[in-house]
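What follows is a single structure, written as structure tokens, with notes after it.
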Amino acid sequence: MTRLALKGLVKDYGDTVAVRDVSLDIAPGEVVCLLGPSGCGKSTTLRIAAGVERQSGGSVLIDGEVVSDAERHEPPEKRSIGLMFQDFALFPHLRVLDNVAFGLNGHSRSERKRIAREYLDRVEMAAHADKYPHELSGGEQQRIALARALAPKPRVMLMDEPFSGLDNRLRDEVRDAALSVLKQEEAAVLLVTHDPEEALRMADRIALMRDGKIEQVGAPYHIYNNPKDRAAAAFFSDLNVIHGSVRSRQTDTPFGLFLTPGLVDDADVEIIVRPQHLRIDLDEGRKPESSARTGVAAPGTVQRARFMGSESLIEVSMDHDGSVLRATVPGVFTPAAGERVWLSLKRESCHLFPCAAQSKVRSPYVHGDSAST
Ligand code: ADP
């Protein structure tokens, strides 16, 4: 069942095309994060779903009913949506309880207060019902804003960077609280964020957006581990890029051969590997044994190593081409600059793509598709 459906949305502002053919279905109780860099069209998509902006093409449906298309355009207040923005201010002159009760039309006064109290309870703010917004911290105000948005039981909840005004520690706490309340409701949630960590943490599905288009949609685990291209992979973490070229349907690299059937000889291939998927061994006078899992080890020299809190980051200058690869390992591991090491790749976590300049086609060579050495 689909609660919110966006179908072929297009939005242009004169020469700027902000949204190009965006389609997305969200089920009741599902949290979908629209993730992408600033300016890629996330907020415009959300504003169209809300009805505060009208699309140039396409339609918006809620529970199968068209709320906006070329002929028809229902205003936000008729759509049964809850809205939450980073700066979605509470009414300063109203107490917390009245702020939450504000949008509850069609109920008696006492019933409005009862519902408001129930939602304050859900966000663990019942004790603050009689305070004014300025007496609360930023995180507490966000909880109230969430309670206020949810109290009318909207069918769709639209959230635009709702947590970005909070500092790190508070943000995690408020995010977790929000997620647990959202999960109790049957609203379809569309949450806009530019923060990949937030999307990974909150989303049932992530829709990765770039240049006005949705490039890839999937569960966080899937989209992190099966990026459709280098840019999609780069969105979630720092990357190492290792270059190789094709010989007889295999790509030859200093880390061994990778199977790449279908690519012609001399084609350039990029092997993408995240820092945590490099293995690093101190040089003990002999080359580590190669294996099907890690291929061949390649030698290099430590340039710099830093302890980062829960992990260490080691930058290694590679013998074969002088490129610098970055490896992270859990805990404390800080070899001195100049120390000789061997790097190998956790092959099941590598992604192979034909070089962007040669082909924009999605690579068929995902992790695991590798020759051993
Ligand atoms: P995001 O939310 O991903 O940062 P937006 O949806 O806000 O991106 O913007 C997408 C593009 O549309 C940007 O190039 C932005 O400058 C443009 N844009 C957004 N709103 C307007 C507007 N009201 N008038 C003109 N251009 C706009």
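The values are calculated or read from the model by the stated rules, or taken from the named source; none is laboratory data. Remember, predicted model here, so these are calculated numbers, not experimental data. So basically every Cβ, Gly included, is an ideal-geometry build from the backbone, and we count neighbours across all protein chains shown. Calculation scope for accessible area: heavy atoms of the full protein, side chains included, ligands and nucleic acids excluded. Shrake-Rupley method; radii C 1.70, N 1.55, O 1.52, S 1.80 Å.
Over the chain, what is the relative contact order in percent, taking alpha-carbon pairs closer than 8 angstrom and at least six residues apart? Provide the component values of the computation, followed by the final result.
Numbers: 835 pairs, mean separation 55.7, N = 373.
This gives 15 percent for the chain.
Only protein heavy atoms count here; under a 1.4 Å probe, Lys7 has an accessible surface of about 100 Å². Carbon-plus-sulfur accessible fraction, the chain (probe radius 1.4 Å, protein heavy atoms only): 49%.
Tyr13 contributes about 90 Å² of solvent-accessible surface, heavy atoms of the protein only, 1.4 Å probe. Using the Cβ-Cβ distance between Val324 and Asp172 with R0 = 41 Å, the FRET efficiency computed as 1/(1 + (r/R0)^6) comes to roughly 0.80. Over the Cα atoms of the chain, the radius of gyration divided by the Kirkwood radius equals 1.08; this is the Rg/Rh ratio. Given Lys11/Lys131; Lys153/Lys228; Lys78/Lys213, which pairs have Cα atoms separated by over 31 Å? Check vs 31 Å cut-off fails for Lys11/Lys131; Lys153/Lys228. Backbone amide hydrogens, once placed in the peptide plane, bring Asp268 within less than 5 Å of Cys355, excluding anything fewer than 5 places away on its chain.
Within the same chain, lysines fewer than 8 places from Lys287 are excluded, and of the rest, those with a Cα less than 19 Å from its Cα are Lys346. Shape analysis of the range 229-284 based on the Cα gyration tensor places the equivalent ellipsoid semi-axes at 22, 17, 7 Å, largest first. Once backbone amide H atoms are built at 1.01 Å from N, Cys350 has Gly368 as its partners under 5 Å, excluding neighbours fewer than 5 places away on the same chain. About its Cα centre, the dipole of the range 207-323 is roughly 340 debye, where the only charges are +1 on Lys and Arg Cβ and -1 on Asp and Glu Cβ. Annotation: extensible slack from Val241 through Lys131 equals 34.2 nm (criterion: 0.36 nm per residue apart, minus Cα-Cα distance). Across the range 117-130, coupling constants 3J(HN,Hα) worked out from phi with the 6.51/-1.76/1.60 Karplus curve, θ = phi - 60°, read 5, 4, 6, 5, 4, 4, 9, 6, 10, 4, 5, 9, 4, 9 Hz, and Gly and Pro carry x.
Contact order for the range 148-220, expressed relative to its length and based on alpha carbon pairs under 8 Å spaced 6+ residues apart, stands at 28 percent.
For Gln250, the amide hydrogen comes within under 5 Å of the amide hydrogens of Thr260, counting only partners 5 or more places away or on other chains and with H modelled in the peptide plane. Given a 1.4 Å probe and the protein chains as shown, His93 ends up with an accessible area of around 130 Å².
Computed over the chain, the per-residue total of -39500 (n - 2.57) for DSSP H runs of n ≥ 4 gives a 222 nm mean residue ellipticity of -6000 deg cm²/dmol, rounded to 500.
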